[in-house]
Structure formats: structure tokens, C-alpha cells
Amino acid sequence: ISSTLLLDRMTATVRVTAPAKINLHLEVLGQRADGFHELAMVMQSIDLADQLDCSNSADGLIQLSCDQPGLSCGSDNLVMRAAELLRQRSGFNELGAHLHLRKRIPIGAGLAGGSSDGAAALLALNTLWGLGHSQDHLRAMACELGSDMPFCLAGGLQLCFGRGECLESVPAAAESFGVVLVKDPTVSVSTPWAYGECRRLNGDHYLSDEQAFAERRQHLRAALWLHPLRAAEPPPLRNDLQDVVAPQTASVQTALRLLQDLPGQLRTAMSGSGPSCFALFANRQDADQALDAARDRFAQAGLDAWSCSFVGHGVKLMP
């Protein structure tokens, strides 16, 4: 395909929605030879989402802007890294784009907002530039860029193994659960720090061989609460990082206590490496009502709060 023909095929503008995720299960199995941790997780997309708008630029530059001034729009941003990798793999160095990110997912929150934005860039620019990469090709690039990014491409409800990039689909929840999500906007938790603390405190109990890892993966696959997810027997919500982050992070302790007091909540937990925490509800209406009743208490505690629903997709082209 010639670069002229490619440019003729390119779409004028593309808009992608980039959902956040929560962890219904995060189990740290042990340390891998590559320095990462071996994980067994269940992740679920929610409808708290960023939006990425992309349009072609004639100057061959890739530029990112954002409606949140505190966010870097430079080469360290996963949107920019994804765009540069996609252009590099295309072989057409003259390709350019202007990308504008509208942030709703809080930054540094354990909700994979940055990874979802990067996955959105892969999907958007593959479409905008008419490159025709398959989902498998995009997933391979996502794996290079970040552990959560393959999940953010696929979305829905997934088992996530390895460092999080090995996905196995799970049938969608039997009901559409509601979620109340809270975060102190002044607090962020470093993911490397959280895993370092987990290793320091729990490393003596880590599993150390592939057979033991495989047994834990199989145990999670067979968990009765997953087949299917339902409000009558809500998921037990395990997060091994919560056990090391919460004792050292006052806002997580406060968030969990306030969430546990909400009427109708089924389970509460921290998401990822935190500091975001959430409560599950049988449906969105229950979550909306609980948040309305507790909004002042969350505000007095310095917590931002959202009401959300499960969604069955990851990053998605918008009409």
C-alpha cells in the first residue's frame, strides 16, 4: 500500500471511549524471573470513562492535549507512547495526528486510566490512519506498553494472569451490578512502591514455582462466585495490595469505612494498587441512592465519589 493511498483512506476524525477498571480479585502469587510479580486477577470494566478525540495533522507531528492541566502530554504519556509505537510499526513516518484527551478517570488511582487511554490511542489511530491491524496485533503492541493495557483493549469481565496481560474471558455478570467509587484527589499510590511493600511484608510466603502458580490459576478459574457473577452470592473481593497499602494510607482506611456503612452495599475493596476504593451494589439504582445519601459524608472526608455500572467492553469507537 502506498503512502498516498494510505492518506486517501484515512478517516477525518475518530472518537474513542476509554473505560476504567476495578479489580474484583487481585492475588499476588510470587516473584517472576523478569522482576514482575506473578498475578491472578479478575478485572471488570466500568462506565467511568475518558474520551480520546483524534484527527489527522498534515505536518507529520503527533500532538496530545488534555482538559486536565496537571497531566503530562509528553512522551511519558501512554497515549503518546502508543501513538509512536503504532506509527513506527506502520512504516509511514509521515503520519501525524492531533489527540485530545477528556479525563474523567482520576489519575494515579488504581483504575487503569492511563492504560485505558493508551489502548484508546491504539484503537483510534489504527482506525484514523487506516492501518488495518487485527485485534491480535493491537493486543501484542498493548503488551509491550503496559501490563493492564491488553485488558483495557478487551474489557468486560476477564481473568488476568501473568503480570496481568494474559487474558481469559469470563461470561458476563448475570446482573448489571452498581458501583460506588471513591478517591481522595490529593493522594496517589505508586504501583512499584505497593508491590515492593507486598514483597517486603509477604515475600516469605510467595509461591516459587510454575506448578504452584498453575494450581492457583486453576483454583480461581473454578471459583463458584464467577459462574456467573450474581448479587445473591456476591464476589468475595480479594486484593492482596490492600493489605499493605491500607495500613499506610489514611484515605484508604477512611474510604473503606465509609463505603462499608452504605446501605445495600454487598462488598467493599480497594482497586488495584489504590487509593481508589469501591462498594458493589445489586444494581445501579441502589448505587445511585447510596451515593446520594452519603455524598456530604464523602465530601467532608475529602473524597471524590462516583456512581458507576459494569460494562461489557473495553475501549470502543464512538459514533
**Complete:** Phi angles of segment 293-303, converted by Karplus (6.51 cos²θ - 1.76 cosθ + 1.60, θ = phi - 60°) into ³J(HN,Hα) in whole Hz with x for Gly and Pro, give 5, 10, 4, 5, 5, 5, 5, 5, 8, x, 9
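Which order do the peptides 191-197, 264-270, 59-65 take when ranked by the mean count of other beta-carbon atoms within 10 Å per residue, highest first? Let's see the in-between values first.
Values: 191-197: 16.1, 264-270: 20.1, 59-65: 14.1.
Output ranking for 191-197, 264-270, 59-65: 264-270, 191-197, 59-65.
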**Asked** Applying the Karplus parametrisation 6.51 cos²θ - 1.76 cosθ + 1.60 with θ = phi - 60° to the phi angles of segment 148-164, what ³J(HN,Hα) value in whole Hz is obtained for each residue in order, glycine and proline being reported as x?
**Response** 8, 5, x, 4, 5, 5, 7, x, x, 10, 9, 7, 10, 10, x, 8, x
**Asked** For the chain, modelled as a Gaussian network with Cα springs under 10 Å, which listed residue fluctuates most, 200, 295, 221?
**Response** 200
**Message:** Please check: in the Gaussian network model of the chain (C-alpha springs, under 10 Å), which one of 72, 309, 273 has the largest mean-square fluctuation.
**Reply:** 72
**Prompt:** Ignoring ligands, DNA and RNA, what accessible area per residue does the chain give at 1.4 Å, in Å²?
**Reply:** 42
**Item:** Dipole of segment 250-319 [Lys/Arg +1, Asp/Glu -1 at C-beta], most positive-end residue of 274, 315, 260
**Value:** 315
**Request:** Kindly provide the pair-distance distribution of segment 169-214 built from C-alpha pairs, with 10 Å bins from 0 and whole-percent values in order of increasing distance.
**Result:** 17, 23, 29, 30, 0
**Request:** For segment 224-272, give the magnitude of the charge dipole about the Cα centre (Cβ charges: +1 Lys/Arg, -1 Asp/Glu; no others), in debye to the nearest 20.
**Result:** 100
**Complete:** Long-range amide H partners of residue 38, meaning residues 5 or more apart or on another chain whose placed amide H is closer than 5 Å, are 29, 30, 31, 32
**Angle between the chain longest axis and helix 113-128 axis [Cα atoms, degrees, rounded to 10]** = 30
**Asked** About its Cα centre, what dipole magnitude does segment 264-311 give when the only charges are +1 on Lys and Arg Cβ and -1 on Asp and Glu Cβ, stated in debye to the nearest 20?
**Response** 120
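Can you give the charge dipole size of the chain about its Cα centre, rounded to the nearest 20 debye, using +1 on the beta carbon of Lys and Arg and -1 on the beta carbon of Asp and Glu? Please report the intermediate quantities before stating the final value.
Details: 26 positive and 34 negative charges, 50 e Å.
With Lys and Arg at +1 and Asp and Glu at -1, about 240 debye.
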**Request:** Any chance you could give the angle, 0 to 90 degrees and rounded to 10, that helix 135-145 forms with the longest Cα principal axis of the chain?
**Result:** 70
**Message:** Counting only protein heavy atoms and a 1.4 Å probe, tell me what percentage of segment 14-59's accessible area is made up of carbon and sulfur.
**Reply:** 49
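What's the carbon and sulfur percent of segment 130-251's accessible surface, probe 1.4 angstrom, rounded to a whole number? Before the final figure, lay out the partial values.
Details: 2980 of 5740 Å².
On segment 130-251, the fraction of accessible area on carbon and sulfur atoms equals 52 percent.
The values are calculated or read from the model by the stated rules, or taken from the named source; none is laboratory data. Only a predicted model underlies this, so the values are computations on that prediction, with no experimental measurement involved. Cβ sites come from the backbone with ideal geometry, for glycine too, and all protein chains shown count toward neighbours. All accessible areas refer to the heavy atoms of the entire protein, side chains included, with ligands and DNA or RNA removed. Shrake-Rupley method; radii C 1.70, N 1.55, O 1.52, S 1.80 Å.
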